[in-house]
Every structure is written in C-alpha cells, then in structure tokens.
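Heads up, the thing below is written out as structure tokens.
None of the figures in this text is laboratory data; all of them are computed from the coordinates on show. Predicted model only: the values in this text are computed from it and were never measured. No Cβ is skipped: glycine too gets one built from the backbone with ideal geometry, and neighbour counts run over all protein chains shown.
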Amino acid sequence: NLIMFWHRRDLRITDNTGLLNARELSPQVVGLFCFDPHIIKGNDIAPVRMKYMVGCLQALQKDYQKAGSQLLILQGNPVKVIPKLAIALNAKAVFWNWDVEPYAQKRDYMTMEVLRNQGIQVLEQNWDHLLSSPHDIFTGTKRPYTVYSPFWKNWNSKTKAEPVYRLDNIIGLDDAQKEIAANNGVIALPSSRDLGFVWESQLILEPGETAAKEKLEKFCKKTINEYQEQRNLPSIEGTSQLSAALKFGVISIRTVWQATLKALENSCSDETKVSIHAYQQELAWREFYQHVMYHFPELAESAYRKAFKNFPWENNTEYFQAWCKGKTGYPIIDAAMRQLNQTGWMHNRCRMIVASFLTKDLIIDSQWGEKYFMQNLIDGDLSSNNGGWQWSTSSGMDPKPLRIFNPISQTQKFDREGEYIRKWIPELQSLDPEYLVTGKISPLERHAINYPEPIVDHNHQQKRFKELYKQATDCK
Ligand code: FAD
C-alpha cells in the first residue's frame, strides 16, 4: 500500500497536513519532488531562489532518510511523469497540498484526473500553507474580500488550526521498488548549477526546516517584541526574514502562528502586544494576497483597477537599467536595488519605495519591476510579489486611490543616519549623513566619487504622473 506524497511549497516533514493524511492511510509513504520544465524554463526564476530551494530539498532528503523512507526526484511534466511512476510502483494514492497559483491549479486538476482515471486515490483540496482556506473567508454577501482591513477582521476572528506533529516510522521503497523507480524517471537530486542557475555568493539564509525553526525561535525571543518600531528600519534586522521559508513551506504557517501566540502569552507590556499583533497582521497580508490570487487569477496578468489596464507607461529602457543596477542617483533607491542584486533579499520598506519610484517617478510598467523582482528575490512568490507591486503602483486592491512615495522623505523617516545607504553604496561611505539623507550631493562631489546625478527630478515626475493618472481615470 504505497502512498506517494508530492511536495511543492511544503518542503518539510513536520506539521505537514497532507503528509500526515498519507501516513494515516499507510505506513509506506515516500516523498516526491518534480522539477517541472514549465517552471524552471520560465523567465521569472531567480538563481538565488533555486539554490535555496535545492538546499531545502537536500535537507528534506535527509529528513526522509532519518524517518525511514526516501524523497524521490523526478524531472518532466508532472501531469505525465507522476502518474507514470505511480502506476509503475502500483501506488495506492498520490497526495499533495494545494496551491493557489493559476498554473498550479490547472496542473493539479489535470494530474488529479489522470491519476483518478487509473484508480489512484488523490486527496481533496487541502490548504496546508494557509491558516484559512480561501473557501472560508467571505464578505457578508458571500464574495471574496478585495480590501485588506475587513479581510483581516474576519480572518483574525477565525479559530486557527494547531500544528500537527512530526512523521516518524514510515517505510520507504524496498530494493525491487527502487529499481522500478530508477527505470521510471527517478533521478539523483541535481544541483541548481546542473539546472542552469548560477548563484556564486553565499546564501543569506540557511536552507531547510531546522534553520527556519531556529530563525523563528530567535525572532520570537526578542525581535518580535520590538517589531512595531523596528520593522520599518532597513539598516537593522528588525523583521523575521522568514519569507523564503514560508514561500517554500520549509516551516509551516501554523507553527509560525503558534509561536506568535506563545509570544503574546509571555509578553508583559501593551507595547510588546502591539508589536506581536503587528507581526500577525503581516502574516495576514500573506494570506490576503493568496486568497485574492485564488479568487481573481487574472491578477497574475493584469492590473486590478481599470485605470491601469491600458496605462500610458513610458518604459524608458535606460531608466529601467539604471533602476535595476542601483544607479539612479537616488541613494535610497540605489542602496535597496544593490541589496537585492547582491543578496537576493530586500527590506519591505525599500520594496515599497523602489516600486513606487519605478512606476511613479520613472513611469515604467509595474510588470517590468514585478518580473525583475521574481528574477532576483530569494523569497519571490507570485501572490505576495504581485500584491506588493499592485499596491505600490496603486493598481491593486487598495482603498486609497493614489500613493506616491517621496524617496527623500522616506529616507529621512526610515534611514535617518544614512546607515543603510552607506552599507550598500560604498562610494557614498565617506559622505556626511545629511547629504545622504537629503540627497543634496553636489554635482562636483558626485563626479568625484563616480556616483550618478539623479536620472529624473522627483517633483517634476510626480506632477507628470498625476496628469497621466487623471487622464487614465477620466477615460474610464
Ligand atoms: P516580516 O516583516 O518578518 O513578515 C513576516 C512574514 O509575513 C513574511 O515572511 C511574509 O511571509 C509575510 N509578509 C510580510 N509583509 C508582507 C506583505 N506586504 N505582503 C505579503 N506578505 C507579507 N513577500 C514575499 O514573500 N515574496 C515576494 O515576492 C514579495 N514581493 C514583494 C514586492 C513588493 C513590491 C512589496 C512591497 C512587498 C513584497 N513582499 C514579498 C512582501 C514583503 O516585502 C516580504 O514578505 C518581507 O519583506 C519579507 O521579509 P520578512 O520575512 O523579514 O518579513
């Protein structure tokens, strides 16, 4: 009675609901991961993310070995290669946890149909990576929410599932089955380089379940209590840095939520409680964006608000290159883009600032920025990235019609001493913080240190953007 468990965004064996469902059916459970050419040959993959993911798969392989079984690796179209292997191994069932993304939905339904036609059992929708199923949170008129605040109120009032525990004493394939597997597509785990993705630098995050748990523990001991104050300061480690682990499900969202509840129990001041609630609200943003992606899959391709569907973006490619390389002449923008290029991660405050700058100052299509982020982020995730870009562009589900961030006043608020700027832009290290923060660096000085002049004037571009926006909204 072999059950195969197909891992996708749940690269762990602890607190994995689908995997435990498999174990309840039979003690012989093997893990499965499939490198899908449709995904890896797409143009929105970051080498750093691939390296992190392969590291997580290596850790998962070890965890399966310790538990007494194996993680099998396949490469090819999952709709074909998974049923082929399941039939060859005479598997009773193939289980997986469901995913909200439009491509994943289509792929999963097709795989489910092929398997069921062969008499192989499949688990019904199981939203392991969310605290609430997208079928459980609706407005009073039974519609999906399109605004975060009422979503949060409703979502927060629901009882959350508790973590389910570790899976031990499972049985893997016997020698004969191993041979069948090898003859039916099972391969050794490739490196990210084998797959064509080169990331030379050290990863800023250690891959795997154990490392993610340690990060959560450390965060909940101290930093979470100061989160409200510190989460907006890019020069310090004031956030949890769990986004990549949550994206790949290296840690479960139930485990993270439970840790926040424990932190609340242990907190002894109103201030720390406010901080912990602020963190919980960020976790709810993640859920909000996944729910809306599920209910409005068209978001993956286009703006939500009509005014932005045919917006007259100017798409100057030189400006775009300057933005990508961190050479716009605006220190906070350049520091943030260089942090992204060098580490694969960018602080949330800076993600909002650079996204606003690309769309409102450079008047470049947000989809260019969204794609660049996906090609470079270690935590790149369709729903959160799309949600973040649509919010920053003002094209998404945000009750405020237009937000424009001023890069100078944002720096004055959030990088008061210019520490973050100095860290990421070495040529500015010797300048007086005041010049960094106000951006008032003389042309002579810029020339001397080989730092560019601002490529556009913020005030001028802001006026131009508002005119374009007015025309676009008047037309609708
Ligand atoms: P923390 O502040 O510790 O937050 C805890 C967790 O909550 C995060 O790990 C994340 O899972 C979730 N979260 C926090 N803020 C948000 C948010 N605004 N939207 C959705 N989830 C959130 N996040 C991604 O995971 N992947 C992306 O591709 C991504 N792209 C973004 C693009 C833009 C333009 C913007 C403005 C935001 C984007 N975010 C994305 C959201 C956010 O910036 C990151 O989740 C956060 O910076 C990750 O750092 P952290 O884990 O330390 O966050």
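Just checking, how many residues over region 172-181 are assigned to a loop (DSSP other than H, G, I, E, B) and among the aliphatic types (A, V, I, L, M)?
Qualifying residue count for the region: 1.
Report yes if some residue within region 117-140 is of a type in the set (Val, Ile, Thr), more than 22 Å from the chain's Cα centre (by Cα) and loosely packed, with under 14 Cβ neighbours inside 10 Å; otherwise report no.
Yes: region 117-140 contains one or more residues that are of a type in the set (Val, Ile, Thr), more than 22 Å from the chain's Cα centre (by Cα) and loosely packed, with under 14 Cβ neighbours inside 10 Å.
Please pick out the residue among ASN184, ASN169 that is at negative phi and part of a loop (DSSP other than H, G, I, E, B). It would help to see each step written out before you state the result.
Values: ASN169 fails: at negative phi.
The conditions single out ASN184.
Would you pick out the residues in region 365-376 that are more than 20 Å from ASP99 (Cα to Cα) and either outside any helix (DSSP H, G or I) or near the ligand (Cβ under 9 Å from one of its atoms) (or both)?
ASP365, SER366, GLY369, GLU370, PHE373
Return the pair list, or none, for Cβ contacts closer than 6 Å from residues in region 334-360 that are closer than 18 Å to GLU229 by Cα to residues that are of a type in the set (Phe, Trp, Tyr) and in a helix (DSSP H, G or I), at least 6 apart or on different chains.
If the second residue must be of a type in the set (Phe, Trp, Tyr) and in a helix (DSSP H, G or I), the pairs left are ARG349/PHE414.
Which helices (runs of 4 or more DSSP H) does region 254-359 wholly contain that include 1 or more residues that are under 20 Å from SER394 (Cα atoms) and more than 12 Å from the ligand (Cβ to nearest atom)? Quick ask: steps written out before the conclusion?
Values: elements: 270-295, 317-325, 331-343, 348-356.
Hits in region 254-359: 270-295, 317-325, 331-343.
How do the helices (runs of 4 or more DSSP H) wholly within region 388-453 filter down when requiring 2 or more residues that are under 32 Å from the mean Cα position of the chain (by Cα) and surrounded by 16 or more Cβ atoms within 10 Å (Cβ to Cβ): which remain?
It comes to 407-414, 419-424, 433-438.
Mind listing just one residue for me: the one in region 213-235 that is surrounded by fewer than 20 Cβ atoms within 10 Å (Cβ to Cβ) and not in a helix (DSSP H, G or I) and, of those, nearest to the chain's Cα centre (by Cα)?
ASN232
Taking the residues in region 237-251 that are over 18 Å from LEU340 (Cβ atoms) and of a type in the set (Val, Ile, Thr) as candidates, determine which candidate is farthest from the ligand (Cβ to nearest atom).
Filtering region 237-251 for residues that are over 18 Å from LEU340 (Cβ atoms) and of a type in the set (Val, Ile, Thr), the one farthest from the ligand (Cβ to nearest atom) comes out as VAL250.
Just need a number here: residues in region 388-429 that are within 12 Å of the ligand (Cβ to nearest atom) and within 20 Å of PRO234 (Cβ to Cβ).
The total comes to 6.
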